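Working notes for the structure below.
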Protein chains: 4
Amino acid sequence: MLLINRLSQSDARILMSGAEQKAEEIGVPMCIAITDESGNLIAFERMDGGKVHSTTVAQDKAFTAASARKATHEFNEACIPGSDNYLFGIHTALGGRLCIVGGGFPIRVNGEVVGGIGISSGSPQQDMACAQAGIDKFNLSSL
Amino acid sequence: MLLINRLSQSDARILMSGAEQKAEEIGVPMCIAITDESGNLIAFERMDGGKVHSTTVAQDKAFTAASARKATHEFNEACIPGSDNYLFGIHTALGGRLCIVGGGFPIRVNGEVVGGIGISSGSPQQDMACAQAGIDKFNLSSL
Amino acid sequence: MLLINRLSQSDARILMSGAEQKAEEIGVPMCIAITDESGNLIAFERMDGGKVHSTTVAQDKAFTAASARKATHEFNEACIPGSDNYLFGIHTALGGRLCIVGGGFPIRVNGEVVGGIGISSGSPQQDMACAQAGIDKFNLSSL
Amino acid sequence: MLLINRLSQSDARILMSGAEQKAEEIGVPMCIAITDESGNLIAFERMDGGKVHSTTVAQDKAFTAASARKATHEFNEACIPGSDNYLFGIHTALGGRLCIVGGGFPIRVNGEVVGGIGISSGSPQQDMACAQAGIDKFNLSSL
């Protein structure tokens, strides 16, 4: 039997609230998705003005980051046609659900991945900043 | 040009919280989804212990109720093989995303549909009770 | 509650007719799709000779432009492997429904996105020209 | 943070071997799928002669049983058009991935669902018998 650590709903709310604060600060209404360590959705919020397609993209970023245990922008950097890492094409996996656009991060506690956060509606850099703000708030709360 | 009324994020939180209170009262951790009037997700919560497949089913119930402007259990009652209403089969539409299992309700304000709520993880009757509790709380808050 | 402006059917007909006139002028039978601000279809026409796959592509272009609130060719310009904008891969989102091929434009009234137009069957430049002609006619009619 | 119990690979092998022994005994080559508690695949085996479509159906049965925390044949018994339980239609959820054909069982340890087993290629009764044999062997091994 394996013993798995997983984000709870109250953990998810801390992540969500940190991301939302940053989104309000930069003035971009975001779609924010939090998944568990298996990539299944725990919490989602589309701030007033968040984009329709981002409801799916945010979930897919969180799923990808939790499952792959790395940030989606790391996939993005490595996914280049003709590169000798043989990674190009990963972005079409699972019918495109594996998302390599920046804005998805794994959530780690003591080095172990316990969930994922995915944000969409701004530029990937804006999405990344809000996801990081969520993680920062979560890390502070667990000290 | 048309003018459309749509649930805001703060409206969604009232619906969510009413449903969650009922779920705690009956002791069934639920997946709760709120969509806008077009069926696009605004808010989602999987209470600790909510079921994995219910993350999708709850969203599909809310989508269906908002789009069809009726409760999913009303479809359920009418969707019978050989019935002279010619409705049987509607449950496979949109790749099964059109959900006729009880637990999805449209949200109305002044008779107009402004969103949908979908709940899944309990029996359909339990899901329906929690969705109704969310709507009751929302209606009270708008008096 | 939010108040949303949305294209009406009569608005859609003006957009459609402007696009169609341009298509006839350049001699390319087009598929023309008009969506509302949430990306859901309002009107569609396949001119005699329009291409079969374009029935889907036109809808996806209109959906993408309405949802993302930018033209699909803007995504196209920015979606480059290895670029430091971390956007590459967006073209496979939503099972490829998020379309970055030129020919999709958001429809704006007073700066707010109220719908989308997507055109397919010619070259992307031809599709873009016809979509722009639809928008020009619509803008003139709203003066 | 939540603490989750999950089948390990060695647990999965015991389940698999119990199911396989029964399949050999009744002379029906089976597809056998074992998932974790979130419905994600841990182990799969198509015995020589197992059916092609059953590679998917076995996985869907195991996913459904783990996620819903009940056997797929229990869904089957309750999913009846016109029934007052409002459950009919659940079989088309998730694009039909939610499988209500007999042969999927949750795996429980101390009352908690830690995974699922799904079997396909025989009649549902044969599939159920083999799944139960896997569970029996697993339960004996944990005494």
(request) Filter segment D:31-42 down to residues that are polar (S, T, N, Q) and farther than 12 Å from D:Gly104 by Cβ and give me whichever is surrounded by the fewest Cβ atoms within 10 Å (Cβ to Cβ). (result) D:Asn40
(request) Scan segment C:1-30 residue by residue and report those that are among the aliphatic types (A, V, I, L, M), buried (at least 16 other Cβ atoms within 10 Å of the Cβ), touching a helix residue (DSSP H, G or I) at 6+ places or on another chain (Cβ under 8 Å) and within 14 Å of chain B (Cβ to nearest Cβ). (result) C:Leu7, C:Ile14, C:Leu15
(request) Only residues that are farther than 24 Å from C:Ser10 by Cβ, buried (at least 18 other Cβ atoms within 10 Å of the Cβ), more than 8 Å from chain A (Cβ to nearest Cβ) and not hydroxyl-bearing (Ser, Thr, Tyr): list them for segment C:43-70, please. (result) C:Val57, C:Asp60
(request) Working carefully through the options A:Gly95, A:Gly82, A:Gly103, find the one that is under 12 Å from the mean Cα position of the chain (by Cα) and at the interface with chain C (Cβ under 10 Å from one of its Cβ atoms). (result) A:Gly103
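Which residue out of C:Ala71, C:Ala23 is under 29 Å from A:Arg46 (Cβ atoms) and touching a residue at least 12 places away in the same chain (Cβ under 8 Å)? Spell out the reasoning first.
Details: C:Ala23 fails: under 29 Å from A:Arg46 (Cβ atoms).
Going through C:Ala71, C:Ala23 in turn, the sole match is C:Ala71.
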(request) Sort out which residues of segment D:1-30 are of a type in the set (S, T, N, Q) and touching a strand residue (DSSP E or B) at 6+ places or on another chain (Cβ under 6 Å), and write them in order of number. (result) D:Asn5, D:Ser8
(request) Identify all residues within segment C:120-135 that are assigned to a loop (DSSP other than H, G, I, E, B) and touching a Gly at 6+ places or on another chain (Cβ under 6 Å); write none if there are none. (result) C:Ser121
(request) Name the single residue, out of those in segment B:106-119 being of a type outside the set (Lys, Arg), in a strand (DSSP E or B) and within 14 Å of chain C (Cβ to nearest Cβ), that is surrounded by the fewest Cβ atoms within 10 Å (Cβ to Cβ). (result) B:Glu112
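Taken together, the values in this text are just the output of simple stated rules run on the coordinates, not laboratory data. Bear in mind that the values here come from a model prediction, so they are computed numbers and not experimental data. Cβ coordinates were reconstructed from backbone atoms using ideal geometry, including for glycine residues, and neighbour counts include every protein chain displayed.
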